[in-house]
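Here the structure is laid out as structure tokens; the discussion comes afterwards.
Every number here is computed from the coordinates shown, using simple stated rules; none is lab data. The shown structure was predicted, so the numbers you read here are calculated from the model rather than taken from an experiment.
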């Protein structure tokens, strides 16, 4: 299982773009990179998943360089409601593979 | 949007008592999971369930724990004799398999049951 490293916490002002980088040096060929978001007292929620290059959806963008040893979650123009813990997960993510969560990055958005 | 539901939202029990936590996964999903999160700590995998049997379980999921899908909609986690250290938020999740397309899927989590053992 690929080990991931991400900052423990980040602060941002409302309206700014936030980039959270995750390192996963021993990512395997078949591994996908997935980000989940967790608000206080709620279950994690899937944000985005990618394998390589760039993926964008209505919530975020995910940038993955060619060597795939890191990835960056980009949240455009954050608001107070984006205050949450963001988890980077790396794994096969198929079938019934359990999700392995790290400590995540606690993002605090300030007015 | 379909969602996973869990009941109760909060359960208080005395040490040594049995508790059953209930979940209703999303209706067309095939895989079901239980995770737990002790206050201030990581989300930890407990067990996965597919085709009416356990697929995988972690070291946490010892003989005190059991899971069941008693009917076509509910998925339960039973703790036979609760301990103080079982106090945590318990999350149920479900997922479906994509038979076509990329090998990827997402797990949908419920809102959790906060279990407090006194």
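With the contact rule set at Cα under 8 Å and sequence spacing of 6 or more, what percent relative contact order holds for chain A? Present the calculation step by step, with values, prior to reporting the outcome.
Details: 275 pairs, mean separation 40.4, N = 111.
That works out to 36 percent.
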How compact and how long is the range B:13-61, expressed as Rg and Dmax of its alpha-carbon atoms in Å?
12.8, 36
May I ask you to work out the translational diffusion coefficient for the protein assembly as shown at 4 °C, viscosity 1.567 mPa s, via Stokes-Einstein with Rh from the Kirkwood sum over Cα pairs, reported in whole µm²/s?
70
Bins of 5 Å from zero: percent of alpha-carbon pairs in chain A
2, 13, 24, 26, 20, 10, 4, 1, 0
How many angstrom separate the Cα center of the range A:3-74 from the Cα center of the range B:47-86?
30
Computed over the range A:16-63, the distribution of all Cα-Cα distances in 5 Å bins, rounded to whole %, is 5, 17, 26, 26, 17, 8, 3
Cα-based Rg of chain B normalised by 2.2 N^0.38 Å, two decimals:
1.04
